[in-house]
Amino acid sequence: MNAANPIGVFDSGVGGLSVLHEIRRALPGEDLLYVADSGHAPYGDKSQQFIEARSIAITEFLVNRQAKAIVVACNTATGAAVTALRSRFSMPIIAMEPAVKPAAENTQSGVIGVMATSRTLASDNFVKLFARYGEDVEILGQACPGLVEQVEAGDLSGDKTRLLLEQYVLPLLERGADTLVLGCTHYPFLAPLIQEIAGAGVAVIDSAAAVARQLRRRLEVGDLLADGDRVGTECFWTSGAPDKAQALVTQLWKADVEVSSLP
């Protein structure tokens, strides 16, 4: 590995592009490789063994393309597979963690809502977060089936998406939540609609920027930062239909991109 090598990023689908945006903002000189495992999305209803196997296979694909670090831009894959990845691969592996800590520190009502997949909410990582910060604040976990599929379909503001979000957001507000944690990387693409439903007095936060900062720190420690004067590139792969993925990634990345089929 050397500083000129790229950074590998993957998610169950296109949700991790919300993290990739923050990585690009924090590290403009880095080359980025992104894999959307959309052919197997969502991960939230898959077994741990399946998610672990997919995570290992995708990481091996990125390592074969000389990735110097891996970002698991998926909360569900983090909970199911990050331990196995770190035991198997030697490069820095940066994972997601729902932004429960900043939410607990900043809530005024003492109640925070965590919107995530059911598998993320049941993971050891989340159970530990709940135990660590749940003494002083009330943490309400809200599973959100269907939202990943809406983002994967490119429907960020339609009637069906709004109806789903109202079903998930309004009960949290009724129980006093003044802060909503987006515990799935797909959900930041729904943040404007979530904010509209929740109202201006409710904070809506995610952990993408914190992950980008952690990635930068790890690269600095390993002397792996690319030359800051260069302009980084992005390459995209999908395990789903490339033509569909290309339109969706172009929509979410806000730039014309080429998406290749994952071998």
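Read the figures in this text as sums done on the coordinates, not as results from a lab. Please read these numbers as outputs of a predicted model, since none were measured by experiment. Backbone-built Cβ (ideal geometry, glycine too); neighbour counts: all protein chains shown.
Within the stretch 111-139, which residues have the backbone N less than 13 Å from the label spot 7 Å out from THR83 along Cα→beta-carbon, could you tell me? Once the point is set 7 Å along Cα→Cβ of THR83, 123-128 turn out to lie under 13 Å by backbone N, inside the stretch 111-139. Each peptide in 82-93, 147-158 receives the mean, over its residues, of other Cβ atoms within 10 Å, and ordering these scores from highest gives 147-158, 82-93. Stretched out straight at 0.36 nm per residue, the stretch from ASP136 to ILE56 would grow longer than its current Cα-Cα span by 25.1 nm.
Among ILE197, ILE51, a tally of other beta-carbon atoms within 10 Å of each Cβ gives an order, fewest to most, of ILE197, ILE51.
Ratio of the stretch 163-263's C-alpha Rg to 2.2 N^0.38 Å, to two decimals? Numbers along the way, then the final one.
Details: Rg = 18.1 Å, N = 101, 2.2 N^0.38 = 12.7 Å.
Taking the Cα Rg and dividing by 2.2 N^0.38 Å, one obtains 1.42.
Here r is the Cβ-Cβ distance between GLU166 and ALA209 and R0 is 35 Å; the resulting FRET efficiency, rounded to 0.05, is 0.80. In this structure, ALA241 and ASN2 have a Cβ-Cβ separation that, at R0 = 41 Å, corresponds to a calculated FRET efficiency of about 0.70. Charge dipole (Cα centre; +1 on Lys/Arg Cβ, -1 on Asp/Glu Cβ; no other charges) of the stretch 100-205 amounts to roughly 200 debye. When a/c reaches 1.5 or more, the comparison of a/b and b/c decides; with that in mind, is the stretch 100-205 rounded, prolate or oblate per its Cα gyration tensor? The shape class here is oblate.
By the gyration tensor of its Cα atoms, with a ≥ b ≥ c the square roots of the eigenvalues, what is the shape of the chain: rounded for a/c under 1.5, prolate for a/b over b/c, or oblate? Display every interim value, and only then the final one.
Numbers: a/c = 1.65, a/b = 1.41, b/c = 1.17.
Prolate, since a/c reaches 1.5 and a/b exceeds b/c.
Do the alpha carbons of any pairs in LYS160/LYS254; LYS101/LYS254; LYS68/LYS254 sit beyond 28 Å of each other, and which pairs? Show your work: numbers first, answer last.
Numbers: LYS160/LYS254 23 Å; LYS101/LYS254 30 Å; LYS68/LYS254 26 Å.
Long pairs (Cα-Cα over 28 Å): LYS101/LYS254.
Annotation for the stretch 136-200 versus the stretch 107-122: alpha-carbon center distance of 11 Å. Neighbour counting of Cβ atoms within 10 Å sorts the residues THR117, THR59, fewest neighbours leading, into THR59, THR117.
Ordered by the number of other Cβ atoms lying within 10 Å of each residue's own Cβ, fewest first, THR107, THR250 fall into the sequence THR250, THR107.
Taking every DSSP beta bridge that has both ends in the stretch 115-263, the antiparallel portion is near 0%.
What net charge do the residues around ARG230 carry, taking every other residue with its C-beta under 14 Å from that of ARG230, with Lys and Arg at +1 and Asp and Glu at -1? Around ARG230, the surrounding residues sum to -4.
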